[in-house]
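J.: Below is the structure I would like to discuss, written out as structure tokens.
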Amino acid sequence: MGTTAAATRFDAIVIGRRRYINTDIIRDMMARRGPEILARVPLGEIGKPDDIAEMVFWLSSERAKYVSGAAYNVDGGFMAWLG
């Protein structure tokens, strides 16, 4: 099986089960349960949309040209914490 210069790459960005990214959807929940939520995030903070955008940018860049078939958790360490 050969390769071509225009090979297609497939990767996934996994925001996580809890999806603790600072968006309109989560702001109300943070106002009510902020300390409880932050206690569940190993890195101790809510992610920003830019955190996701940076991963998208990297995966679509030339720097990730040899990356394919991987899933990247962008979730503040939550999935690693689950073990």
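Coordinate-derived values only; no laboratory data. Keep in mind that what you see is a predicted model, and the values were worked out from it rather than measured. Note that we place each Cβ from the backbone using ideal geometry, even for glycine, and neighbour counts take in every protein chain shown.
J.: Report every pair of residues separated by at least 6 positions or lying on different chains whose Cβ atoms are under 9 Å apart, first residue within the range 44-59 and free of Cβ contacts under 8 Å to residues at least 60 places away in the same chain, second surrounded by 15 or more Cβ atoms within 10 Å (Cβ to Cβ) and assigned to a helix (DSSP H, G or I).
T.: Matching pairs, first to second residue: Gly44/Leu38; Glu45/Leu38; Ile46/Ile26; Ile46/Met30; Ile46/Ile37; Ile46/Leu38; Trp58/Ala64.
J.: Which condition does Asn73 not pass, out of (1) more than 16 Å from the chain's Cα centre (by Cα); (2) polar (S, T, N, Q); (3) surrounded by 12 or more Cβ atoms within 10 Å (Cβ to Cβ), if it passes all the others?
T.: Every condition holds for Asn73 apart from (1).
J.: Would you mention how many residues in the range 60-83 are in contact with a strand residue (DSSP E or B) (Cβ under 8 Å, 6 or more places away or on another chain) and either part of a loop (DSSP other than H, G, I, E, B) or without any contact (Cβ under 8 Å) to a residue 12 or more places away in the chain (or both)? Give the steps one after another, and end with the answer.
T.: Filtering the range 60-83 for residues in contact with a strand residue (DSSP E or B) (Cβ under 8 Å, 6 or more places away or on another chain) gives 70-76, 79-80.
This time we only want the ones that are either part of a loop (DSSP other than H, G, I, E, B) or without any contact (Cβ under 8 Å) to a residue 12 or more places away in the chain (or both), so: 70, 74-76.
Number satisfying all stated conditions: 4.
J.: Same structure again: Within the range 23-31, identify whether any single residue is surrounded by 12 or more Cβ atoms within 10 Å (Cβ to Cβ), within 12 Å of the chain's Cα centre (by Cα) and closer than 22 Å to Ala80 by Cβ, and answer yes or no.
T.: no
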